[in-house]
Amino acid sequence: MTTTTTAGTTALTNIASLVTNDPSLGDGSPIGLIQDAAVVIDGDHVVWVGESSKAPATDNAVDAGGRAVIPGFVDSHSHLVFAGDRTQEFNARMSGRAYSAGGIRTTVAATRAATDTELSANVARYLAEALRQGTTTQETKSGYGLTVEDEARALRIARAQTDEVTYLGAHIVPPDHADDPAAYVALVTGEMLDACAPYARWIDVFCEKGAFDGDQARAILTAGAAKGLHPRVHANQLSYGPGVQLAVELDAASADHCTHLTDADVDALAQGATVATLLPGAEFSTRAAWPDARRLLDAGATVALSTDCNPGSSFTSSMPFCIALAVRDMGMTPDEAVWSATAGGAAALRRQDIGRLTPGARADLALLDAPSHVHLAYRPGVPLVTGVWRAGERIH
């Protein structure tokens with residue numbers, strides 16, 4: 001592969017197959033697949049896509065060498081601001097002990113004890129790890145501080161490294177409020193929210209038995225919306241519950257996990273604008289039941305795939321791994337999984353500028369050491385991402 005690095009327009013040519021996520025292009029499928037394709041970048045945006053033989057003249061050229069190109073992955077759900085790990089918990093769980101929300105408390109203690117420098121370095125490490133694997137947009141949350149000072153600190157650290165930041169003071173009720181959860185909800189919707197809102201775009205709540213019930217979740221999300229934060233919901237992960245219905249009612253951008261769904265939940269997601277974000281790394285790491293992506297897709301719901309990268313229940317930053325799991329165990333086709341890991345993630349962040357490779361989109365793309373995007377599921381565990389561009393800049 002040859003490349004030049006001077007300023008100006010750049011054409012990536014000799015692309016065996018290009019995923020555009022525009023059904024008006026190429027084969028007319030939802031992923032808009034173009035064979036023998038080219039992409040032209042000007043600055044930080046895509047300005048042209050099409051057949052390689054029709055590419056306009058450009059200042060610079062990159063020969064893709066007969067490889068596939070896809071949009072950069074959009075990981076719309078992760079928890080990167082933390083310290084320590086939970087190796088012992090994982091080892092015990094793999095030996096038969098079930099996951100519960102209580103394990104979060106271990107990470108809370110380690111995170112509170114860490115310095116700003118340590119937490120910032122951890123976030124940078126995991127963002128870089130994800131970028132090497134093709135993730136060009138990364139959402140991340142607070143939720144391991146659970147005090148006013150520690151939640152605000154987590155968001156400030158995250159905001160310095162990514163634009164998609166979520167306030168998750170309502171991750172669990174911390175031990176110091178165990179006897180008075182109402183007081184903690186008041187803190188999350190009051191002083192903590194005031195301190196955290198300036199750093200966040202989103203507000204999230206873990207609506208689950210052992211965390212926050214439907215009434216508490218509604219109060220938290222409504223308070224966040226009044227401060228300009230748009231809702232997201234950890235919904236229906238461990239059991240059936242009100243999370244999905246609440247997410248749709250409040251026009252949350254996404255309901256995340258969606259493992260235990262009634263027919264009414266599926267219908268609500270299909271009829272609303274809330275994206276069903278599935279996190280197969282969590283089921284892999286906890287040996288839990290897989291979400292039924294086929295059921296959601298057949299009903300007409302919009303589905304995203306994300307890593308849920310966190311130290312307790314899904315310690316992976318690999319979107320390709322999640323694609324392989326979704327195809328193998330959740331009923332998705334390779335096309336659907338790649339769409340959900342790119343355009344689906346963009347929809348879960350309510351972004352139009354990412355997750356696709358069409359004129360006007362941000363020039364975020366991944367070059368695969370394979371002739372087709374199908375290899376992401378066909379060759380699981382193989383590091384196929386061999387080049388990454390973010391906002392027009394070649395990173396790897």
Item to complete: Check LEU296 against each of (1) free of Cβ contacts under 8 Å to residues at least 40 places away in the same chain; (2) open to solvent by 10 Å² or more (accessible area, probe 1.4 Å); (3) hydrophobic (A, V, I, L, M, F, W, C) and name the one condition it does not meet.
Response: (2)
Worksheet item: When you go through SER340, SER318 one by one, which is the residue that is in contact with a strand residue (DSSP E or B) (Cβ under 7 Å, 6 or more places away or on another chain) and either buried (at least 22 other Cβ atoms within 10 Å of the Cβ) or at pLDDT 95 or above (or both)?
Response: SER340
Discussion item. Against the definition (more than 13 Å from the chain's Cα centre (by Cα) and either touching a residue at least 40 places away in the same chain (Cβ under 8 Å) or under 28 Å from ASP63 (Cα atoms) (or both)), how does LEU305 come out, yes or no?
Written reply: no
Worksheet item: Taking the range 291-312 as the region of interest, how many residues are part of a loop (DSSP other than H, G, I, E, B) and of a type in the set (D, E, K, R)?
Response: 2
Worksheet entry | Out of ALA264, ALA247, ALA219, sole residue that is surrounded by fewer than 24 Cβ atoms within 10 Å (Cβ to Cβ) and in contact with a Ser or Thr (Cβ under 9 Å, 6 or more places away or on another chain) | ALA219
Discussion item. If I go through the range 65-87 residue by residue, how many of them are of a type in the set (Phe, Trp, Tyr) and assigned to a loop (DSSP other than H, G, I, E, B)?
Written reply: 1
Discussion item. Taking the criterion of being open to solvent by 10 Å² or more (accessible area, probe 1.4 Å), more than 21 Å from THR106 (Cβ to Cβ) and either part of a helix (DSSP H, G or I) or touching a strand residue (DSSP E or B) at 6+ places or on another chain (Cβ under 8 Å) (or both), would at least one residue in the range 276-290 satisfy it?
Written reply: no
Worksheet item: Of the residues GLY43, GLY66, GLY32, which single one is small (Gly, Ala, Ser) and out of contact with any Gly (no Cβ under 9 Å at 6 or more places or on another chain)?
Response: GLY66
Discussion item. Kindly evaluate THR115 against the criterion of being closer than 30 Å to LEU187 by Cα and either of a type in the set (D, E, K, R) or under 25 Å from the mean Cα position of the chain (by Cα) (or both).
Written reply: no
Discussion item. Out of ALA130, ALA92, ALA170, ALA154, I need the residue that is without any contact (Cβ under 8 Å) to a residue 12 or more places away in the chain and either more than 23 Å from the chain's Cα centre (by Cα) or crowded, with 20+ Cβ neighbours inside 10 Å (or both). Which one?
Written reply: ALA92
Worksheet item: Out of curiosity, is ALA324 of a type in the set (Gly, Ala, Ser) and surrounded by 19 or more Cβ atoms within 10 Å (Cβ to Cβ)?
Response: yes
Worksheet item: Do we find a residue being open to solvent by 10 Å² or more (accessible area, probe 1.4 Å) and touching a Leu at 6+ places or on another chain (Cβ under 9 Å) anywhere in the range 343-352?
Response: no
Worksheet item: Restricting attention to the range 222-242, and to residues there that are touching a His at 6+ places or on another chain (Cβ under 6 Å) and of a type in the set (Ser, Thr, Tyr), which single residue is most open to solvent (accessible area, probe 1.4 Å)?
Response: TYR240
Response to the item:
Taking the range 234-283 and keeping residues over 21 Å from the mean Cα position of the chain (by Cα) and not polar (S, T, N, Q) leaves TYR240, GLY241, PRO242, GLU249, ASP263, ALA264, ASP265, ASP267, ALA268
Item to complete: Within the range 189-219, track down each residue that is closer than 19 Å to LEU261 by Cα, of a type in the set (A, V, I, L, M, F, W, C) and part of a helix (DSSP H, G or I).
Response: ALA217
Worksheet item: So which of PRO175, PRO181 ends up being closer than 20 Å to ASP213 by Cβ and surrounded by fewer than 16 Cβ atoms within 10 Å (Cβ to Cβ)?
Response: PRO175
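The values are calculated or read from the model by the stated rules, or taken from the named source; none is laboratory data. Please read these numbers as outputs of a predicted model, since none were measured by experiment. All Cβ positions, glycine included, derive from the backbone under ideal geometry; neighbour counts span all protein chains shown. All accessible areas refer to the heavy atoms of the entire protein, side chains included, with ligands and DNA or RNA removed. Shrake-Rupley method; radii C 1.70, N 1.55, O 1.52, S 1.80 Å.
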